[in-house]
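Some notes on the structure that comes next.
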Amino acid sequence: MLQFIRGFEQRVDKDTRDLIFRALFSSIFLGLGSEHLLDDSLLRHFMPAWVQYPMLASRLSGVVLLVGGLSILAGYRMRLGARLLGAFLFIVTLAVHVPGCFQVPKDISADYAWLWTVFQRSNLVKNVCLFGVCVHLTTEAPGRFSVDAWLARRAARTRAAQSAKDEPAP
């Protein structure tokens, strides 16, 4: 494995590495977003009691996760997608996972309270890491294998064609 990793940055160009990164990073949001939309019964079961409409909250979360994940994967308005996901992570982490580290739901037996705490701590740390990447992505532009790059190339060709058309013939 180390042989594969060693020299990876020389063997694979920056744009391809960007695409690999975006695919891997967005996969967590696409997977969780799909889960929120397709089968969220477990997610709703463990939502804090203060969430008044758990199914609505779950579905809206799923849409946010999918929209942000697709934005990053496709490289279409990636900075906006990263801001959307960053805001979502910030809110969910503060509202759900931080309190979850200190409060165990009543329907979890004392024998499994430790597991709940580990689950909440790991989600807290995961979300902080994902938030950090989202902050970083707000300063980056996706590589050539992105919708934004394709749109920029297309606009440049259109401008060049228009400019050639507007020039007077000799």
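Hey, among the residues in the stretch 5-25 that are at pLDDT below 90 and of a type in the set (A, V, I, L, M, F, W, C), which one's surrounded by the fewest Cβ atoms within 10 Å (Cβ to Cβ)?
Ranking the qualifying residues of the stretch 5-25, first place goes to 5.
State the number of residues belonging to the stretch 68-113 that are surrounded by fewer than 21 Cβ atoms within 10 Å (Cβ to Cβ) and closer than 17 Å to residue 148 by Cβ.
So the count comes out to 8.
Can you spot a residue in the stretch 137-150 that is over 19 Å from residue 15 (Cβ atoms) and either touching a residue at least 40 places away in the same chain (Cβ under 8 Å) or of a type outside the set (S, T, N, Q) (or both)?
Taking every residue of the stretch 137-150 in turn, at least one turns out to be over 19 Å from residue 15 (Cβ atoms) and either touching a residue at least 40 places away in the same chain (Cβ under 8 Å) or of a type outside the set (S, T, N, Q) (or both).
Cβ-Cβ under 9 Å, sequence separation 6+ or interchain: first residue in the stretch 73-92 and over 17 Å from residue 140 (Cβ atoms), partner part of a helix (DSSP H, G or I) and hydroxyl-bearing (Ser, Thr, Tyr). Which pairs?
Taking only residues 6 or more apart or on different chains, the pairs are 88/61; 92/61.
Can you tell me which condition residue 28 does not meet? The list is (1) exposed (fewer than 15 other Cβ atoms within 10 Å of the Cβ); (2) without any contact (Cβ under 8 Å) to a residue 60 or more places away in the chain; (3) under 21 Å from residue 84 (Cβ atoms); (4) of a type outside the set (D, E, K, R), and all the others hold.
Of (1) exposed (fewer than 15 other Cβ atoms within 10 Å of the Cβ); (2) without any contact (Cβ under 8 Å) to a residue 60 or more places away in the chain; (3) under 21 Å from residue 84 (Cβ atoms); (4) of a type outside the set (D, E, K, R), only one is false for residue 28: (2).
More than 29 Å from residue 83 (Cβ to Cβ), part of a loop (DSSP other than H, G, I, E, B) and polar (S, T, N, Q): does that describe residue 162?
Spelling it out, it is not the case that residue 162 is more than 29 Å from residue 83 (Cβ to Cβ), part of a loop (DSSP other than H, G, I, E, B) and polar (S, T, N, Q).
From the list 149, 82, 113, pick out the single residue that is touching a helix residue (DSSP H, G or I) at 6+ places or on another chain (Cβ under 7 Å) and either at pLDDT 95 or above or part of a helix (DSSP H, G or I) (or both).
82
Any idea how many residues of the stretch 82-122 are touching a Cys at 6+ places or on another chain (Cβ under 7 Å) and farther than 24 Å from residue 23 by Cβ?
Total meeting the criteria: 3.
The values are calculated or read from the model by the stated rules, or taken from the named source; none is laboratory data. Keep in mind the model is a prediction, meaning the values are calculated, not measured. When we count neighbours, we look across all protein chains shown, and the Cβ atoms used for this are built from the backbone with ideal geometry, even at glycine.
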